[in-house]
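Each remark here refers to the structure printed beneath this line.
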Amino acid sequence: MPVIDPADLPSETSMTDLSTPRRRGKLPARYASIIMPLVLSIIMTFVVSAIATFKSLGPTPALLATWPSAWALSWLVAFPTLLAVLPLVRRIVNWLVEPPHR
């Protein structure tokens, strides 16, 4: 059984001190290449599927019943597609845009 050193435990004042804001945990930078396409695909499919479903069904109760499954299906296609084409998109952008001057 491990021995706990009392000096390693937080003091009672640090546990109740509300003047210091807590830092929100963030993912390490190495996850940015997955998080960016994840967030982008969620937002884009949310908007596009809502517009397409609205155009097909109009402002009916069926819209709210149908749209979540349409969004889920579109996201299941969009996220892996975005991961697959992102290297090609970066090459195209690098070909079209001058690099920044240092």
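Quick notes on this one:
- Projected label points at SER69 and ILE92, each 7 Å from Cα along the beta carbon direction, are separated by 3.3 nanometres.
- Estimated FRET transfer efficiency when R0 is 35 angstrom, pair SER33-LYS55 (beta carbons, to 0.05): 0.55
Where a number appears in this text, it was derived from the coordinates with a stated rule and is not lab data. Just so we're clear, the structure is a prediction, and the values are computed from it rather than from any experiment. Glycine gets a Cβ as well: all are built from the backbone with ideal geometry, and neighbour counts include every protein chain shown.
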